[in-house]
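Asker: Take this structure, written in C-alpha cells, and hold onto it; I'll ask about it next.
The values are calculated or read from the model by the stated rules, or taken from the named source; none is laboratory data. Given the structure is predicted, the values throughout are model-derived calculations rather than measurements. Cβ placement follows ideal geometry from the backbone for every residue including glycine, while neighbour counts extend to all protein chains displayed. Surface accessibility is based on the protein's heavy atoms, side chains included, excluding ligands, DNA and RNA. Shrake-Rupley method; radii C 1.70, N 1.55, O 1.52, S 1.80 Å.
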Amino acid sequence: MTSRKDLDRSVLSGLAWTGGMRTVTQTLQWAAALLVVRLLTKEDYGLVAMAAAYVGLVQMFSEFGLGAAIVQRRNLERDQIARLGGVSLSVSALFALLSFGAAGLVADFFDEPRVRVIVIVMSSTFLFSGADVVPRSLLRRDLQFKRLAWVQGAQNITYAVVSLALAASGFGYWSLVLAAFVA
C-alpha cells in the first residue's frame, strides 16, 4: 500500500518532470515553428487548418471516454484492460474509416480538392491514438508522470524536427501533415 508521503512525493516528482519536459519541448517547438513559418506559405497553413478543423473535432470524440474510465477504475483485471484496448482500437478504426469517407465532403465544403488527401492522412492517426489510449491511461492511473513526460516530450520533439526538416526540404504543407503523422 502506498503511503500518503510516497503519493505526495510521486505527484511532486511527476509535476517536476512534466514541467521540465514541457519547458524544454515547448522551447524547441517554438524555435522550430518560427523557422517553419518562414519556410511555408499562408496557403500551406490554410490547407492544413481546413483539414485540422474537421480532424480536431473528430479527435475529441474518438477516445470515447475510455481513458478516463481506465484511470478511475484501479481494480480492472488484465482481461478487462485488454477488452478496453480492443474497444479503443475498434472505435478509432471506425472514426478513421468514417473520416476517410467524409474527406471528400470536407474538401467540397472548403472548395479545395487538396484537403481530401490531407484529411485522409491526418485521420489515419486515429488508429495510432486508439492504440495509445490504454498505455497512456495506465501510466496516468499509476502516477507514472516521468514516463508520460518522456513520451510526450519525444512526440513533441519528433514533430518539431520532422516538420522543420520537411519544410526545409521543400515539402510545403506536407511538412505539417507528415510531421503530425510521424509524431
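Asker: Working carefully through the options I157, I70, find the one that is over 28 Å from Q29 (Cα atoms), part of a helix (DSSP H, G or I), in contact (Cβ under 8 Å) with a residue 60 or more places away in the chain and in contact with a helix residue (DSSP H, G or I) (Cβ under 9 Å, 6 or more places away or on another chain).
Answerer: Every option except I70 fails the conditions.
Asker: Within the stretch 146-163, how many residues are of a type in the set (A, V, I, L, M, F, W, C) and open to solvent by 50 Å² or more (accessible area, probe 1.4 Å)?
Answerer: Count: 5.
Asker: A further question follows. Condition check: small (G, A, S), surrounded by fewer than 19 Cβ atoms within 10 Å (Cβ to Cβ) and under 25 Å from Q155 (Cβ atoms). Does A131 satisfy that?
Answerer: Answer is yes for this residue.
Asker: OK, next. Just one of the numbered conditions (1) open to solvent by less than 50 Å² (accessible area, probe 1.4 Å); (2) modelled with pLDDT under 95; (3) not small (G, A, S) is not true of R22; which one?
Answerer: Single failed check for R22: (1).
Asker: Another one. Residues of the stretch 27-41 being within 22 Å of V177 (Cβ to Cβ) and either free of Cβ contacts under 8 Å to residues at least 24 places away in the same chain or surrounded by fewer than 13 Cβ atoms within 10 Å (Cβ to Cβ) (or both), which ones?
Answerer: W30, A31, L34, V37, R38, T41
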